[in-house]
């Protein structure tokens with residue numbers, strides 16, 4: 001007899017599964033609800049099944065005490081206002097300062113955070129995501145691009161943390177580019193079937209030409225601006241035979257099928273003859289049950305073929 005256990009869905013993460021090839025693989029990260037609160041990474045590989053029952057129960061996902069060390073919420077609080085963390089855990093996160101940093105001044109949330117930003121290893125990048133040019137900063141650009149579902153990305157500058165943030169904002173103004181792209185925008189592009197790679201490459205090349213003439217106001221190192229194609233990580237998403245329909249959890253809390261690909265936080269899968277997309281951001285922080293069988297998703301709206 002198989003006993004189904006409830007778990008807390010912490011995140012959808014892209015992780016290096018082969019250290020030699022540095023190949024990233026997406027997967028759900030679960031936390032046990034009972035001590036010792038182990039974390040479990042379950043990959044979402046192309047052609048493999050997954051099946052979940054999503055409950056209405058939400059809990060704080062905890063915090064990162066230091067890089068690579070995750071701790072559960074000590075009080076199992078329920079976060080407010082759609083957040084994933086309660087106020088206490090958000091305050092305890094060692095690198096929480098990166099969320100509010102604009103490059104104006106440094107107010108590090110921990111000694112580890114200050115150390116990370118004190119070396120010139122923060123990259124300023126330009127990427128194509130959700131149909132738009134976006135500018136950002138990251139210590140690990142490729143992982144960041146995969147986390148946000150970029151089709152293409154290029155590292156353009158490298159600098160110290162605070163200076164990199166300033167460059168990011170100066171560059172966004174120069175390019176009239178976005179600093180953030182909403183999940184709803186990414187889903188709209190995916191469902192429309194208009195993820196045109198050639199058009200994205202042309203737009204990114206134009207942006208890089210403008211960057212070649214741009215000089216930041218703070219100290220920096222210029223990166224070569226080589227375009228990296230991220231689509232190889234996204235499975236069959238760019239060659240689907242039909243447009244995916246967004247999962248409607250109000251119809252049924254059970255979701256799953258055969259994975260067609262993952263792009264950013266969007267899981268695209270096939271259930272019977274229909275293709276669906278699950279926005280993982282909408283279910284993170286929920287208590288879920290990992291099912292052993294794929295349930296047929298009845299009642300979801302019909303799909304339309306690509307034009």
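The values are calculated or read from the model by the stated rules, or taken from the named source; none is laboratory data. In this text the structure is predicted, and so the values were computed from the model without any measurement. Note that each Cβ is placed from the backbone with ideal geometry, even for glycine, and that neighbours are counted across all protein chains shown.
Among the candidates 206, 191, single out the residue that is within 28 Å of residue 52 (Cα to Cα) and either touching a helix residue (DSSP H, G or I) at 6+ places or on another chain (Cβ under 9 Å) or assigned to a helix (DSSP H, G or I) (or both). Steps first, answer last, please.
Working: 206 fails: within 28 Å of residue 52 (Cα to Cα).
Being within 28 Å of residue 52 (Cα to Cα) and either touching a helix residue (DSSP H, G or I) at 6+ places or on another chain (Cβ under 9 Å) or assigned to a helix (DSSP H, G or I) (or both) holds for just one of 206, 191, which is 191.
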Open item on the list: Let me confirm something: among 219, 201, which residue is assigned to a loop (DSSP other than H, G, I, E, B) and touching a strand residue (DSSP E or B) at 6+ places or on another chain (Cβ under 8 Å)?
Closed with: 219
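When you scan the stretch 286-302, do you find a residue that is within 18 Å of the chain's Cα centre (by Cα) and either in a helix (DSSP H, G or I) or modelled with pLDDT of 95 or more (or both), even just one? Before the answer, list the steps.
Going residue by residue through the stretch 286-302, those that are within 18 Å of the chain's Cα centre (by Cα) are 286.
From what's left, either in a helix (DSSP H, G or I) or modelled with pLDDT of 95 or more (or both): 286.
Within the stretch 286-302, one or more residues are within 18 Å of the chain's Cα centre (by Cα) and either in a helix (DSSP H, G or I) or modelled with pLDDT of 95 or more (or both).
Name the residues in the stretch 170-188 that are part of a helix (DSSP H, G or I), over 26 Å from residue 277 (Cα atoms) and under 21 Å from the mean Cα position of the chain (by Cα), would you?
At the first step, the residues of the stretch 170-188 found to be part of a helix (DSSP H, G or I) are 170-175, 183-188.
Filter once more, keeping what is over 26 Å from residue 277 (Cα atoms): 170-175.
Hit for the stretch 170-188 is 172, nothing else.
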TODO: Working only within the stretch 250-279, note down all residues that are outside any strand (DSSP E or B), touching a strand residue (DSSP E or B) at 6+ places or on another chain (Cβ under 6 Å) and surrounded by fewer than 20 Cβ atoms within 10 Å (Cβ to Cβ).
DONE: 253
Open item on the list: Here is a check on your reading of the model: is residue 235 assigned to a loop (DSSP other than H, G, I, E, B) and at pLDDT below 95?
Closed with: yes
Open item on the list: Looking at residue 220 and the list (1) surrounded by 13 or more Cβ atoms within 10 Å (Cβ to Cβ); (2) over 18 Å from residue 155 (Cα atoms), which single condition is not satisfied?
Closed with: (2)
Task: residue 143 being surrounded by fewer than 20 Cβ atoms within 10 Å (Cβ to Cβ), farther than 30 Å from residue 269 by Cα and modelled with pLDDT of 95 or more - done: no
Open item on the list: So residue 191 ticks every box in (1) at pLDDT 95 or above; (2) under 29 Å from residue 281 (Cβ atoms) but one. Which box is left unticked?
Closed with: (1)
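Going by the structure shown, is residue 15 more than 27 Å from residue 78 (Cα to Cα) and part of a strand (DSSP E or B)? Don't jump to the end; show me each part of the working.
On the way: more than 27 Å from residue 78 (Cα to Cα): yes; part of a strand (DSSP E or B): yes.
Yes.
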TODO: Look at residue 116 and say whether it is part of a helix (DSSP H, G or I), touching a residue at least 40 places away in the same chain (Cβ under 8 Å) and farther than 30 Å from residue 201 by Cβ.
DONE: yes
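Picking from 150, 107, which residue would you name as being surrounded by fewer than 20 Cβ atoms within 10 Å (Cβ to Cβ) and either at pLDDT below 95 or touching a strand residue (DSSP E or B) at 6+ places or on another chain (Cβ under 9 Å) (or both)? Outline the logic, then answer.
Values: 150 fails: surrounded by fewer than 20 Cβ atoms within 10 Å (Cβ to Cβ).
Checking each option against the conditions leaves just 107.
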TODO: Quickly run through the stretch 61-74 and pick out the residues that are exposed (fewer than 13 other Cβ atoms within 10 Å of the Cβ) and either modelled with pLDDT of 95 or more or at positive phi (or both).
DONE: 68
Open item on the list: Condition (residue is in contact with a helix residue (DSSP H, G or I) (Cβ under 9 Å, 6 or more places away or on another chain) and either modelled with pLDDT under 95 or in a loop (DSSP other than H, G, I, E, B) (or both)) applied to the stretch 50-60: is it met by at least one residue?
Closed with: yes
TODO: Please list, ordered by first then second residue, the pairs with beta carbon atoms under 6 Å, 6 or more apart or interchain, first in the stretch 182-207 and assigned by TED's automatic domain parsing to the domain that holds residue 277 and under 21 Å from residue 244 (Cα atoms), second modelled with pLDDT of 90 or more and in a loop (DSSP other than H, G, I, E, B).
DONE: none
